[in-house]
Amino acid sequence: MFYSILLWIARTAGRVQFYGSERISECPENKGLILISNHPSLWEPALYPSLFFPRCLFSSRRVPYSVVDKENYYDKWWFAPIRPFLIPIERGNARRELQTIQKEIRPFLEQGGVLILFPEGSRTFKAKKIRGGKRSPSGGREIGEFPRGIRKLFADSDFLILPCWAEGGDKVVPNKESFSKTIFQFPNFLKKTTIIIGEPFSVRDISKDRIVEYLEDKLLQVKEG
């Protein structure tokens, strides 16, 4: 609640702006929901949970959980207070990643949970170096290509997917190659962050081979409501 109040102040001051927030209330609470977003900085993961306040106070299903890298984030001592709301994944270990998806993430979603996921697998500038970038048809937006293995989470599922597009976070929390030696970097609240929430969709009718490309395209196509 304290955290959401701080974000409310930032929104009131115009430093953080959400467009399309009403689309969250359109998502039924008895169905799993995955919020996917581009990942320009470390600022976006701090913003998205506030979208589900105050609904999360009245329904445990609306308490959002986030998928995070186990070594770089979850295992750090300063993440201890929020570990109950994190699902750690061992990136680079294909077997353990698959186990986490099958034994933790999918059951969580099948029970109607809310998951925050950055499918690029890293901040955008790093993901582009690893797998290459993908641009929108207009050329105005670019993301790092999603890892192919992510389709294992979405294949044969009926979860709702809420695409969000974030801009400006890399001015609030400037990017570095590594934050491993930094406990906290105070955000520059003089800079503005904009987040656009798109229309929810599902991939139940999309073939497994097209899921990754379909997710990338839907994210790049998010428009202001």
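A compact table of results
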read-out: Fraction of antiparallel bridges per DSSP, the chain only, in percent to nearest 5; value: 30
read-out: Over the chain: helical MRE at 222 nm, DSSP H runs n ≥ 4 each giving -39500 (n - 2.57), nearest 500; value: -6000 deg cm²/dmol
read-out: Restraint check, K126/K208; K129/K152; K171/K223; K76/K218; K76/K126; K129/K192, Cα-Cα greater than 31 Å; value: K76/K218
read-out: Ranking of W78, W8 by count of other Cβ atoms within 10 Å, fewest first; value: W78, W8
read-out: Contact order relative to length of the range 1-101, as percent, for alpha carbon pairs under 8 angstrom and 6 or more apart; value: 18
read-out: FRET efficiency, W77 to Q102 (Cβ-Cβ, R0 35 Å, nearest 0.05); value: 0.75
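Here, each number is a calculation from the coordinates, and none is a lab measurement. These numbers come from a predicted model, not from an experiment. Every residue, glycine as well, gets a Cβ built from its backbone with ideal geometry; the counts of neighbours run over all protein chains shown.
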